[in-house]
Amino acid sequence: LSSIDFIRYFIAVFVVRQFTFIWVIWEFEELVVSGRLSFSLLQPLNPIWRFFASHLTERVVRLPLVGVIVALAFAIYPQAFWVPDAAHALGAVALVLCAFLVRFILQYMMAMLAFWSERASAIEDLWYVLHLFLSGLIAPLEVYPPSVRALAELTPFPYLIYYPANLLCGRGVPLGKALIVLGVWGALALLVQRRLWKKGLESYTAMG
C-alpha cells in the first residue's frame, strides 16, 4: 500500500465507523440498574425498537459533520481525493447497513447480561479490544500475518470495518462471503439474545 492508499483507507474507515458505532449496551445497562426499564416493559412495543430508532436518527444527524470532516481531509490531502464508482459505492452501502444491523444485534445480545451484572458494559470493553485489532480499525489486514488474517476472517470483525472501507476505496472484496458471514453471526446473536431476554425478564426485580 502506498501513502495515498493509506490516506484513502483511513478516510474510508472513518466514514464506515460513523455508521457502525453502537452504544445500546450502555443505555440498556442504565435502564436495568436504575429500574427504569419497568416503564418500557409496560408499553406494548419491545424496547429494542426504541433503541434502534434512536441509533438510526443519530446517523442522520451525524451526516453533515461527517461530510465536513471528509471535505477537510481532502483539503489537507488533495492528492488523495477519489470518488468510488457506482458498483463499489452500492456494495459499500449494502455492507455498511448489514454491519450496522449485526453490530447492533451483537451488542444488544451482550446488553442482556445487565439482568445479572451491574457492569455488563465491561464485556463490551473486552469485545472492543478484539474489534480494534481485528476489524481493520487501526491497520488494514494486509499488514497482518496471513495466519492472523485468516483467523480474523472467521469472526465478524473484518466485515464491520475493513471490507466496507475497501469497497469505498474501490477495491474488490468478496461481498457475498461478507454478507453470509455477517448473516450467520447476526442470526446466532439474535437467537442468543431472545433466549437471554426471556431468562432475564424472569429474574428482573426493578429494584433500582
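The values are calculated or read from the model by the stated rules, or taken from the named source; none is laboratory data. Here the structure is a predicted model, which means the values were calculated and not measured. Cβ placement follows ideal geometry from the backbone for every residue including glycine, while neighbour counts extend to all protein chains displayed. Quick note on the areas: whole protein, heavy atoms, side chains included, nothing else; ligands and nucleic acids left out. Shrake-Rupley method; radii C 1.70, N 1.55, O 1.52, S 1.80 Å.
Taking the numbered list (1) in a helix (DSSP H, G or I); (2) open to solvent by 60 Å² or more (accessible area, probe 1.4 Å); (3) not polar (S, T, N, Q) in turn, D5 passes all entries but (2).
No other residue among T205, T155 is surrounded by fewer than 22 Cβ atoms within 10 Å (Cβ to Cβ), among the hydroxyl-bearing types (S, T, Y) and at pLDDT 90 or above apart from T155.
Taken over the stretch 64-86, the criterion of being without any contact (Cβ under 8 Å) to a residue 12 or more places away in the chain and surrounded by fewer than 12 Cβ atoms within 10 Å (Cβ to Cβ) is satisfied by P64, L65, G67, V68, A71, L72, A75, I76, P78, V83, A86. When we screen L182, L167 for residues that are touching a His at 6+ places or on another chain (Cβ under 6 Å), of a type outside the set (D, E, K, R), crowded, with 18+ Cβ neighbours inside 10 Å and not in a loop (DSSP other than H, G, I, E, B), the only hit is L167. Remark: pairs (first residue in the stretch 21-47, within 17 Å of I123 (Cα to Cα); second residue surrounded by fewer than 13 Cβ atoms within 10 Å (Cβ to Cβ); Cβ separation under 6 Å; 6+ apart in sequence or on different chains) = V33/E118. Exactly one residue out of V93, V102 is surrounded by fewer than 21 Cβ atoms within 10 Å (Cβ to Cβ) and among the β-branched types (V, I, T), and it is V93.
Selection of the stretch 185-202 for residues being closer than 30 Å to P84 by Cβ and either open to solvent by less than 70 Å² (accessible area, probe 1.4 Å) or free of Cβ contacts under 8 Å to residues at least 12 places away in the same chain (or both) yields G186, A187, A189.
So which residues in the stretch 39-62 are assigned to a helix (DSSP H, G or I) and either open to solvent by 90 Å² or more (accessible area, probe 1.4 Å) or at pLDDT below 90 (or both)?
If we filter the stretch 39-62 for residues that are assigned to a helix (DSSP H, G or I), which is where we start, we get 39-41, 47-62.
If the condition is that a residue be assigned to a helix (DSSP H, G or I) and either open to solvent by 90 Å² or more (accessible area, probe 1.4 Å) or at pLDDT below 90 (or both), then F39, S40, L41, W49, R50, R59, V60, V61, R62 are the ones that fit.
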